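Data first, discussion second: the structure below is written as structure tokens.
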Amino acid sequence: MSRPIVAIVGRPNVGKSTLFNKLAGKRIAIVEDTPGVTRDRIYTEVEWLNKYFTLIDTGGIEPESDDIILSQMRTQAELAMDMAHVILFIVDGKHGLTNDDREIAQMLRKTNKPVLLVLNKVDSKEQSEHYYDFYELGLGDPIEISASIGLGIGDLLDEVIKNFPEGLDTEYDEDIIKVAIVGKPNAGKSSILNNILGEERVIVSPIAGTTRDAIDTYFEDGEDKYLLIDTAGIRRKSKVSENIEKYSVLRSITAVERADVALIVIDATQGVTEQDTKVAGIAHDEGKSSIIVINKWDLVEKDDKTMNMFVKQIREKLPFMMYAPILFVSAKTNQRMHKILPKIKYVSNEHSKRVHTGALNDVIGEAVLLNQPPSDKGKRLKIYYATQTSIKPPNFTLFINDKKLTHFSYQRYLENKIRENFGFEGTPIRFNYKEKE
Ligand code: GDP
Ligand code: GDP
């Protein structure tokens, strides 16, 4: 069963990202030194009256091209109509109706999904002077809000929830392992998916008549529950005729953001491509677990060195992801396919593993003895104490004397020691520092 998806669309500057941030609670900018990606979230989980849904800010999705604004908006609206269960069409109640609004409305009127017309920037209890103009769009009564001040948000959310189609999952289930199968078109994602879903697993298939909406596939394997995210999207990849490649990147990104584990599928005959690097970088930045699946292994001419050569190439191309296990498979001949699901379960457990503070401090203490922390102008980094402060991904807080003395290479050394002792296969590890005298 899939989580309801709500998409925000609208022309630039109407307040889409302001509304997104309001609903998300806070904006999380992701900045990391590897592999050089800084970006804002476009997806967030929202809870309202104990119902959970996924919110996507399509305005944050910039198709990479010299697209003029209109075609950007078109792609964003298409994405929303394709993925979302409820669409929030944001317009500007202060400036009034524009031709771009009309263009978008014309597209949205064609969908049979609920579209809520949201008049933003109505910063007081008084009705917008442009209120009645918006009826021209043929999308019903405008709902007035102020995203920046926070007026009308509760009423809007009530309306959103009322419009969810039947049969979606709005409950929070901690136990479900959420998996995104990503990779270039033709890498073999659908073949792998079908193979995983194969025979005996209990597939709770989409409710009759809503096939188009069911982008997530839920199944059980013994006691374990899995959600394959956006997998129907894989099957109908050619829906948007132009920009298939770009579209697949966008979908991959959104799927990864919603997942715990990313299966990064690489076509063995093509090696690691730029798109693979990009999606892997996002999985890493977002703190997801990753498994690198080299598919079509049957097509590779092999001798006893081939596999090592591949491993070397992958590690070179994805140096920020040394922790990701690599599986060589063939969806065609079934070679090693049975290893995928257990590996997903394993890395998912590692992703949410907690280590005891005592054991952690033993390891850090020993590491410090073996290799002294860095020093600057006679002052040496002191690590007083360490503790794991979160999971998914594991985050370690080190209490130290001076943040200026921390160094990336020493952090990597500590990371390696932690991995040697505790594993954490498949998952990135984060560190943060707190000064303490
Ligand atoms: P986006 O391009 O649609 O994502 O729009 P932004 O969220 O970036 O907002 C565009 C501008 O409108 C920013 O300067 C916001 O501060 C402003 N804005 C957003 N929501 C409101 C609102 O409710 N009231 C007012 N007065 N300004 C708003
Ligand atoms: P997707 O676009 O990533 O979902 O890729 P598909 O699963 O649709 O596979 C693309 C093509 O590659 C199809 O013709 C598959 O039959 C073929 N294919 C997939 N996996 C393998 C494999 O392991 N070996 C070989 N030889 N062909 C494969």
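Do any of Lys110/Lys278; Lys16/Lys353; Lys162/Lys288; Lys225/Lys312; Lys312/Lys417; Lys317/Lys436 go past 29 Å between their Cα atoms, and which?
Lys110/Lys278; Lys16/Lys353; Lys162/Lys288; Lys225/Lys312; Lys317/Lys436
Checking the a/c ratio against 1.5 first, then a/b against b/c, what shape does the Cα gyration tensor give for the stretch 112-193?
prolate
Using modelled backbone amide H atoms (1.01 Å from N, in-plane), which distant-in-sequence or interchain residues come within less than 5 Å of Asn13's amide H?
The list, which skips near neighbours in sequence, is empty: none.
Regarding the stretch 46-181, what whole-number volume in Å³ per residue does the convex hull of its Cα atoms give?
So the per-residue Cα hull volume is 138 Å³.
Can you grab the distance from the C-alpha centre of the stretch 336-395 to the C-alpha centre of the stretch 264-291, Å, no decimals?
Using only Cα atoms, the two centres lie 23 Å from each other.
Bin all alpha-carbon pair distances of the stretch 307-397 at 10 Å intervals from 0 and give each bin's fraction as a whole percent.
Bin by bin from 0 Å, the calculated values are 13, 26, 31, 21, 8, 2, 0.
Near the amide H of Asp221, under 5 Å away, which other amide H atoms are found, from residues 5 or more places off or on another chain, if H is placed in the peptide plane?
Amide H neighbours of Asp221, under 5 Å, 5+ apart: Tyr226.
Tell me, how many Å apart are the Cα centres for the stretch 418-437 and for the stretch 71-108?
Using only Cα atoms to place each centre, the spacing works out to 43 Å.
Taking H placed 1.01 Å from N in the peptide plane, check which residues at least 5 places from Ser390 or on another chain put their amide H under 5 Å from its amide H.
Long-range HN contacts for Ser390: Asn395.
If each residue's Cβ is checked for other Cβ atoms within 10 Å, how do Thr75, Thr427, Thr389 rank with the fewest at the top?
Fewest to most other Cβ atoms nearby, the residues stand as Thr389, Thr75, Thr427.
Using the Karplus equation 6.51 cos²θ - 1.76 cosθ + 1.60 (θ = phi - 60°), what ³J(HN,Hα) coupling, rounded to whole Hz, does each residue of the stretch 155-163 give in order, writing x for Gly and Pro?
Ordered by residue, 3J(HN,Hα) equals 4, 4, 5, 4, 5, 4, 5, 4, 8 Hz.
For a quick check of your reading of the filter: which trypsin sites (Lys or Arg not before Pro) in the stretch 355-437 sit in a DSSP loop and have no more than 10 other Cβ atoms within 10 Å?
On the way: sites: Lys377, Lys379, Arg380, Lys382, Lys403, Lys404, Arg412, Lys417, Arg419, Arg430, Lys434, Lys436; in loops: Lys377, Lys382, Lys436.
For trypsin sites (Lys or Arg not before Pro) across the stretch 355-437 that sit outside H, G, I, E and B with at most 10 neighbouring Cβ atoms in 10 Å, the list reads Lys377.
Just check the stretch 252-303 against the gyration tensor rule for me: Cα atoms, a ≥ b ≥ c as the square roots of the eigenvalues, rounded for a/c under 1.5, and otherwise prolate or oblate depending on whether a/b exceeds b/c.
Prolate, because a/c is 1.5 or more and a/b exceeds b/c.
What does the charge add up to near Thr389, with Lys and Arg as +1, Asp and Glu as -1, over the other residues with Cβ less than 11 Å from its Cβ?
Net local charge, Thr389 excluded: +3.
Laboratory data are not the source of any read-out in this text; all were calculated from the coordinates shown. As the structure is a computational prediction, the values presented were derived from the model and not from experiment. Glycine gets a Cβ as well: all are built from the backbone with ideal geometry, and neighbour counts include every protein chain shown.
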